[in-house]
Amino acid sequence: MSEAASIEQLSALRMKYHERKNAFLEQDIKVKDPFCVFRDWLSDALNTKEILEPNAAALATVDAEGKPSNRFVLVKEATAEGFTFFTNYGSRKADEIAANPNVAIAIYWMPLRRSVRIEGVAEKIPHAASLKYFHERPRASQIGAAASPQSQRIPSRSHLDEIECSIKAKLGPDGEVPLPNWGGYLVKPHLIEFWQGQTDRLHDRIRFRRGPNVESEIDGQLVHGGENGWVYERLAP
């Protein structure tokens, strides 16, 4: 297949989304709090067998020079406080969060034609919480985290294997794996947007925001009052 033919095929792709009768409407949101909406949508994703990792999310960070980067992480907790993921504290994402804690998360559940965008500030969770979760992971995953100097240059794949073997030999079959420079971040959101695709491309977008003075924007037409300090609004697709 030629390059030109491949491009033509790509531009012709058309995914069938929801029909107008299944629109995502404001009156369908029983509690006007984005965490409640997120829990409902996550429940749908968890119960959709085609979605193998419903907690997979693209995390975007910005370095000290304003250059963005993103990668996929697994959201391990979603509460009214925020969204938690875990990583090596020496990784690129950790360095960038240290320089600029403003981050963005995007989740896409393709079979449901739904996406969630989150913007907020990331902060480390308490050491005790990271330690607890670390030892709840499979032992092989604990050793893998201890063996990997994440985002650092290494000479070869065998280099990682050698470090892993050294850790296993040192700890034996039952030794507790010490917590490496690794732990969780809590993303406290100030913006959560819900997107649901429509076949006619007039997609549904409802955005929740909270922060200083946002409630002063409420006019009952474009900006509406929600629960727990949130306001919400519909955006054009």
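The values are calculated or read from the model by the stated rules, or taken from the named source; none is laboratory data. Small disclaimer: the values here were computed from a predicted structure and weren't measured. Because the Cβ atoms are built from the backbone with ideal geometry, glycine has one as well, and the counts that use them run over all protein chains shown. These area figures cover heavy atoms from the full protein model, side chains too; ligands, DNA and RNA do not enter into them. Shrake-Rupley method; radii C 1.70, N 1.55, O 1.52, S 1.80 Å.
A few remarks follow.
- Angstrom value of the Kirkwood radius, inverse mean 1/r, which spans all Cα pairs in the chain: 20.5 Å
- Kirkwood Rh (inverse of mean 1/r, distinct Cα pairs), the range 175-217, angstrom: 14.7 Å
- Under the criterion of Cα pairs below 8 Å and six or more residues apart, the relative contact order for the range 102-201 equals 46 percent.
- Around the Cα centre of the chain, unit charges on the Cβ atoms of Lys, Arg, Asp and Glu (plus for the first two, minus for the last two) sum to a dipole of about 320 debye.
- Taking label positions 7 Å along the Cα-Cβ direction at both Asn22 and Lys67, the computed distance is 4.2 nm, reported to one decimal.
- The range 81-215: translational diffusion in µm²/s, Stokes-Einstein, Kirkwood Rh over Cα pairs, 4 °C, 1.567 mPa s: 73 µm²/s
- The modelled label-to-label distance between Glu136 and Thr79, using points 7 Å beyond Cα along the C-beta direction, is 1.0 nm.
- Relative to the longest principal axis of the Cα atoms of the chain, the long axis of helix 157-171 makes an angle of roughly 70 degrees.
- Surface/4 of the Cα convex hull for the range 166-237, nm²: 10.2 nm²
- Nonlocal amide H pairs with Trp182, under 5 Å, H built at 1.01 Å: Tyr89
- Residue order for His135, His127 - accessible surface, 1.4 angstrom probe, largest first: His127, His135
- In order along the range 121-127, the phi-based Karplus estimate (6.51 cos²θ - 1.76 cosθ + 1.60, θ = phi - 60°) of 3J(HN,Hα) comes to 10, 9, 9, 5, 7, x, 3 Hz; Gly and Pro are listed as x.
- Whole-percent pair-distance distribution, where bins are 5 Å wide, for the alpha carbons of the range 17-138: 2, 9, 17, 20, 18, 15, 9, 5, 3, 0
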